[in-house]
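Where a number appears in this text, it was derived from the coordinates with a stated rule and is not lab data. In this text, all values refer to a predicted model and were calculated from it rather than measured experimentally. Every residue, glycine as well, gets a Cβ built from its backbone with ideal geometry; the counts of neighbours run over all protein chains shown.
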Amino acid sequence: MPNSNLAASSQRRRVTAPNLPRHERTFERQFRTECVAPPSDQFRLGPALNDEYQGPGYTNWDISAFKNVPMGGGRRLQFRVELYNAFNTDQWTGVNTTANFDYATGTLTNQTVFGRLTGATLSARRIQLGARLTF
């Protein structure tokens, strides 16, 4: 989990693998938040790497269909429909991976936002209709 904000930018300690199976991910919980613990050494330097978490992913379906209608004499009319993000899948911009700990008790102080989706969704579904006359 990159850039965890612990005291003086120290690394956190990873207790278990952070990635959840896709069917277990929710808006409030994108990875195992219990996998992060405060560093246990006196210098607050944990051994966790910065690339252990896989993001929410990206699923996008763009679909187009068209129908050519001959009009005689080399002319034709083409009807088009184009769907961008056809199934209207949310594309979130980020996940809160900042873990803040109270070093006196060792508890996570930002439990309500840690591991949640943040930011905004990218493009919603767009439908474009068109006609083209070729002569």
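Would you be able to say whether some residue in region 89-101 is of a type in the set (A, V, I, L, M, F, W, C) and surrounded by fewer than 12 Cβ atoms within 10 Å (Cβ to Cβ)? No, because not a single residue in region 89-101 is of a type in the set (A, V, I, L, M, F, W, C) and surrounded by fewer than 12 Cβ atoms within 10 Å (Cβ to Cβ). For region 77-88, enumerate the residues that are surrounded by 13 or more Cβ atoms within 10 Å (Cβ to Cβ) and in contact with a Ser or Thr (Cβ under 9 Å, 6 or more places away or on another chain). Residues satisfying the conditions are Leu77, Gln78, Arg80, Val81, Glu82, Leu83, Tyr84, Asn85.
Can you tell me which residue is farthest from the chain's Cα centre (by Cα) among those in region 96-135 that are of a type in the set (Val, Ile, Thr) and part of a strand (DSSP E or B)? Don't jump to the end; show me each part of the working.
Start the filter on region 96-135 by keeping residues that are of a type in the set (Val, Ile, Thr), which leaves 97-98, 105, 107, 109, 112-113, 118, 121, 127, 134.
So of that shortlist, the ones also part of a strand (DSSP E or B) come out as 107, 118, 121, 127, 134.
Details: Thr107: 26, Thr118: 9, Thr121: 9, Ile127: 23, Thr134: 42 Å.
Within region 96-135, the match that is farthest from the chain's Cα centre (by Cα) is Thr134.
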